[in-house]
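Trainee: I'd like to ask some things about the structure below.
Values quoted throughout were computed directly from the atomic coordinates according to the rules given, and no laboratory measurement underlies them. This one's a predicted model, so the numbers in the text were calculated from it and none came from an experiment. Cβ sites come from the backbone with ideal geometry, for glycine too, and all protein chains shown count toward neighbours.
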Amino acid sequence: MTAPLRSRPELVRPLVHALHAYTPGEQPKIAGLIKLNTNENPYPPAPAVLRAVRAATDGRLRLYPNPTAERLRARLAELHGCTPDHVIVGNGSDELLAMAVRCFVEPAAKRATSASRVQYFEPSYSLYPVLAGTHGAVCHPVPLAEGFALPDPVSLRRGGRFDAHAALTLVTTPNAPSGRGYPTEELDRLCAALRGVVVLDEAYVDFAEENAMALALKHPHVLVARTFSKAYSLCFQRVGYFVGPPDLIAALHKIRDSYNVNGLGQVAAEATLDHLPYYQRNFARIVATRELLSRELRKRGFGVLPSSTNFLLVEPPAPAAGQWLEALRARKVLVRWFRSSPVERYLRITIGTPVEARALLRAVDHVLRAGHRAPRRA
Ligand SMILES: *Cc1c(COP(=O)(O)O)cnc(C)c1O
């Protein structure tokens with residue numbers, strides 16, 4: 001055995017030392033576990049997508065993929081009624097969100113100004129403050145209104161927290177973790193009230209009634225973020241994209257890694273676009289399961305927020321949400337709990353298959369019957 005290396009913390013930037021890393025949902029390897037914690041789609045990709053990925057898995061893996069995902073961008077442009085210069089593809093939409101921070105926001109100087117502000121609503125996607133922190137930018141959270149509603153621009157200005165000139169405003173729409181959908185008209189008014197870049201993060205929009213893609217094709221400062229992860233069953237492949245004004249898209253391309261989207265991801269995403277009806281059937285199944293689960297949980301005393309997504313935010317009856325997490329986990333059902341957050345009283349439950357929904361309800365019934373005793377820890 002060699003002597004342990006002396007640690008040299010001074011080798012790491014102070015900014016990085018002070019960072020709080022993003023906490024992803026667990027990916028445990030427990031046999032038989034019902035995983036309802038990270039909003040993955042319970043249905044597999046279309047069979048033709050799996051065939052396309054297999055067919056592309058040969059000696060060509062030695063080659064670099066297309067650097068700008070050219071064919072995929074052309075297909076996406078066609079889908080959204082624009083030209084490919086309105087589209088950039090990323091290694092998941094997370095990569096593009098990070099690039100937007102680097103592209104549009106100045107790291108904070110001594111005196112913080114709007115130029116270094118990353119503004120977002122609270123609660124929303126918990127990655128945003130991490131991305132701002134990593135860049136040395138300033139987090140600018142603005143509370144959502146009652147029931148996780150989007151505050152209207154007038155009350156935002158009156159509230160005093162809102163910065164109309166923030167360099168970047170990130171809006172999760174429909175909202176996560178609440179699941180609440182926002183009408184395009186409200187988003188349009190919000191965009192009109194902002195001077196900096198706005199990203200409408202539509203990761204869950206395929207489960208909603210409306211989408212705001214038109215705003216990215218109308219305003220000079222609005223980008224819409226989409227992903228193949230949740231609705232299109234491709235989390236593993238990491239493919240997301242932005243649609244928006246060509247000058248903003250061109251700026252993002254400048255700071256993109258040369259081969260940021262892996263080749264099999266491009267193949268899978270292109271094949272996905274050839275089979276949209278398969279996915280639309282899955283959206284309908286997930287929405288039907290969501291409505292069934294909402295009704296059944298309400299019957300059992302849960303407060304269930306309306307959802308336009310593939311998850312539910314629910315306020316359980318006693319015991320506390322953290323104890324529910326453990327009690328359900330002991331019954332092999334994993335949900336998400338955001339400890340020390342504005343939604344600490346709630347659980348977030350991904351919509352699975354009808355079979356998974358019934359298993360969740362059985363586990364809930366067991367916990368309710370067992371009363372309020374804290375579960376024994378494993
Ligand atoms: C899951 C999620 C993303 C990230 O999607 P990827 O394309 O897998 O990186 C972005 N925004 C929100 C709100 C999400 O929930």
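Trainee: If I build a Gaussian network model for the chain, linking alpha-carbon pairs within less than 10 angstrom, which residue out of 20, 275, 135 has the largest mean-square fluctuation?
Mentor: Judging by the Gaussian network model, the answer is 20.
Trainee: Take every Cα-Cα distance within the stretch 302-378, group them into 5 Å bins from 0 onward, and report for each bin the whole-number percent of pairs it holds.
Mentor: Whole-percent P(r) values from 0 Å outward: 3, 16, 27, 29, 17, 7, 1, 0.
Trainee: Got a sec to turn the phi values of the stretch 257-267 into Karplus ³J(HN,Hα) couplings, 6.51 cos²θ - 1.76 cosθ + 1.60 with θ = phi - 60°, whole Hz, x for Gly and Pro?
Mentor: Per-residue couplings from phi come out as 4, 4, 10, 6, 10, 5, x, 5, x, 4, 4 Hz.
Trainee: While we're looking at this one, here's another question. Need the C-alpha centroid separation for the stretch 1-79 versus the stretch 269-284, integer Å.
Mentor: What the calculation gives is 21 Å, centre to centre.
Trainee: Enumerate the amide H contacts of residue 34 below 5 Å, restricted to partners 5 or more residues apart or on another chain; note that Pro and chain-start residues carry no placed amide H.
Mentor: 333, 334
Trainee: Given C-alpha coordinates of the stretch 91-217, what is the ratio Rg to Rh with the Kirkwood estimate of Rh?
Mentor: Using only Cα positions, Rg/Rh for the stretch 91-217 is 0.94.
Trainee: Given H placed 1.01 Å from N in the peptide plane, which residues other than close sequence neighbours of residue 311 have an amide H under 5 Å from its amide H?
Mentor: Close amide H contacts, sequence-distant or interchain: 351.
Trainee: Calculate, in whole percent, how much of the Cα-Cα pair population of the chain lies beyond 27 Å.
Mentor: When every Cα pair of the chain is considered, 53 percent fall beyond 27 Å.
Trainee: Continuing with the same structure: Need one number: nm distance between label points at residue 17 and residue 339, each 7 Å from Cα along Cα→Cβ, rounded to one decimal.
Mentor: Reported label-point gap for residue 17 and residue 339 is 2.5 nm.
Trainee: Here's a follow-up. With θ taken as phi - 60° and the coefficients 6.51, -1.76 and 1.60, list the Karplus ³J(HN,Hα) couplings across the stretch 152-166 in order, rounded to whole Hz; mark glycine and proline as x.
Mentor: Here the 3J(HN,Hα) series is 7, x, 5, 5, 4, 5, 5, x, x, 7, 6, 10, 5, 9, 3 Hz.
Trainee: For the stretch 277-331, what ratio Rg/Rh do Cα atoms give with a Kirkwood hydrodynamic radius?
Mentor: Computed over Cα atoms, the ratio is 1.06.
Trainee: Let me ask something else. Would you please give the residues with an amide H less than 5 Å from that of residue 233, counting only those at least 5 places away or on a separate chain, with H modeled from the backbone geometry?
Mentor: 41
Trainee: Using a Gaussian network model of the chain with C-alpha springs under 10 Å, which one of 84, 47, 153 is most mobile by mean-square fluctuation?
Mentor: With Cα springs under 10 Å in the chain, the top fluctuation among 84, 47, 153 is at 47.
Trainee: Right, next: Stretched out fully, how many nm does the piece from residue 369 to residue 218 gain, at 0.36 nm a residue minus the Cα gap?
Mentor: Gain on stretching residue 369 to residue 218: 48.9 nm.
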